[in-house]
Amino acid sequence: MKDFQITVEQTNMQTAHVKNFLQCVRTREKPRLDVETGAKAVVVINLAAESYREGKVMYWDEKRWKASDKPVKA
């Protein structure tokens with residue numbers, strides 16, 4: 001079997017994010033990561049961290065944007 005290498009471009013993601021944001025300010029395009037998607041990602045991360053620290057399951061009420069340790073009623 002022959003050895004081969006895969007070249008992977010390394011990118012500073014913060015720099016790429018800021019460049020995209022500034023480009024969108026200039027052109028009024030939609031950014032790659034919009035505020036709604038970013039907010040939802042942060043919610044998931046924070047709920048996971050709180051669940052781990054507290055040692056209990058956390059639930060998310062998307063309509064009210066509130067977290068609880070009790071299941072959300074439909």
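The values are calculated or read from the model by the stated rules, or taken from the named source; none is laboratory data. For clarity, every value in this text was computed on a predicted model and none was experimentally measured. Heads up, the Cβs are rebuilt from the backbone with ideal geometry, glycines too, and the neighbour counts pull from every protein chain shown.
A few comments on the model shown:
- Among residues of the range 54-68, those that are closer than 21 Å to A39 by Cβ and either of a type outside the set (A, V, I, L, M) or surrounded by fewer than 10 Cβ atoms within 10 Å (Cβ to Cβ) (or both), counted: 9
- The requirement of being free of Cβ contacts under 8 Å to residues at least 24 places away in the same chain and under 28 Å from W60 (Cα atoms) is not satisfied by V18.
- Filter result for R26 (modelled with pLDDT of 90 or more and either assigned to a loop (DSSP other than H, G, I, E, B) or hydroxyl-bearing (S, T, Y) (or both)): no
- Every residue from the range 21-42 that is surrounded by 10 or more Cβ atoms within 10 Å (Cβ to Cβ) and either polar (S, T, N, Q) or touching a residue at least 24 places away in the same chain (Cβ under 8 Å) (or both): Q23, T37
- In the range 62-74, of all residues being touching a strand residue (DSSP E or B) at 6+ places or on another chain (Cβ under 7 Å) and in a strand (DSSP E or B), the one that is farthest from F21 (Cα to Cα) corresponds to S68.
- Qualifying residues in the range 31-52 (those that are in a helix (DSSP H, G or I) and among the acidic types (D, E)) - the one nearest to K63 (Cα to Cα): E36
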